[in-house]
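This report concerns only the one structure given below.
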Amino acid sequence: MSLLPRDEDRVSVADAARHTRGTDAPAVPLDVRERHEWDAGHAPGAVHAPLSGLVTGAALPAGRGARAVDAEGGMRTWAAGHPVVDERGNSGSIA
């Protein structure tokens, strides 16, 4: 879900949120869910790269050298305490 400058493979959603908020944020949320899930709701400012495309060789939109880590609990945990927007930027929901 997030690109973070850390050595861990997994981080808490709270840690991911801290590293992806604000104009000087060192990380970008990366959402690998499928299109219909993304359209229903995702983290504001997230980059969409469906896992189905990545496993077939699609390039990571953040470019080379970026390292992806997993936010524990995924979008359900994110949505429990952080904003979620739909494809139009309105309040979203987790499908």
For this session: For the chain, count the residues as N, evaluate 2.2 N^0.38 Å, and divide the Cα radius of gyration by that value, please.
Result: 1.00
Exercise. So what is the relative contact order of the chain, in percent, for Cα pairs below 8 Å that sit 6 or more residues apart?
Worked result: 37 percent
For this session: For R76, R35, write out the residues from largest to smallest accessible area, computed with a 1.4 angstrom probe and no ligands counted.
Result: R76, R35
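How many percent of the accessible area of the chain is carbon or sulfur, using a 1.4 Å probe? Before the final figure, lay out the partial values.
On the way: 2780 of 5530 Å².
The computed percentage sits at 50.
The values are calculated or read from the model by the stated rules, or taken from the named source; none is laboratory data. Fair warning: this is a prediction, and the values are worked out from it, not measured in the lab. The accessibility values were calculated without ligands, DNA or RNA, using every heavy atom of the protein model including side chains. Shrake-Rupley method; radii C 1.70, N 1.55, O 1.52, S 1.80 Å.
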